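Below: one structure, written as structure tokens.
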Amino acid sequence: MRALAVTALVWGFTAMAQAVPTTKVMTTVPVTGAALDTVVASVLDVGVSRGGTLTVTLRILSDSGAVLAEVTGPVTEGVPLRLSARAPSAAGVRAQLVFPSNTEPLALGGLVFERWTPPAPPGNRPLFCKIPRTGDPLGGYPNPTTGEPLRCTVAYGN
């Protein structure tokens, strides 16, 4: 009966010249709960409009890494991409986002991941990870409130 997780990642710029991978993969930490919990992953642009669109792939993964649900589609300011599934067990599930390394069309992108036993409780906030901007070698920043690392990982691919 409580939201268990949300993740978001925001990008930044760097002046370093570097080879740019074609894709990045961001994965949240596993979130445990009860069997048949509702799990929702969302990708959104929460910044000032740049008028762009970014096409991404969003997945919900089981504790073993099996894909429970997947969608590919556009994200623009005010029009998030959402995906929901039922957790098959109490074991941890996670959200995974595959996105192009050129994230310039978004102003401030975020991946949000929630797990709850319906109905969703009011007032519980999910975890949030910022999506890194093009050229951000660190893949995110610490939580500005606590200084702790955000609860997601970013991998670079090609």
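Listing for the model above:
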{"quantity": "Ordering of 36-42, 84-90 by packing [mean C-beta count within 10 Å, highest first]", "calculated": "36-42, 84-90"}
{"quantity": "Per residue accessible area in Å² of region 57-122, where ligands, DNA and RNA are left out and the probe is 1.4 Å", "calculated": "42"}
{"quantity": "Simple label model, 7 Å out from Cα along Cβ direction - Arg82 to Ala34, nm", "calculated": "2.2"}
{"quantity": "Projected label distance in nm at Glu104 and Ala91, using a 7 Å step from Cα toward the beta-carbon", "calculated": "4.3"}
{"quantity": "Expected-Rg normalisation [2.2 N^0.38 Å, Cα atoms] applied to region 48-88", "calculated": "1.42"}
{"quantity": "Summed residue charge, Cβ within 15 Å of Ser84's Cβ, Lys/Arg positive, Asp/Glu negative", "calculated": "+2"}
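The values are calculated or read from the model by the stated rules, or taken from the named source; none is laboratory data. Treat the numbers as computed from the prediction; the structure is a model and nothing was measured. A quick note on method: Cβ atoms are made from the backbone with ideal geometry, for glycine too, and the neighbour counts reach across all protein chains shown. Note: areas computed on protein heavy atoms with side chains; ligands, DNA, RNA excluded. Shrake-Rupley method; radii C 1.70, N 1.55, O 1.52, S 1.80 Å.
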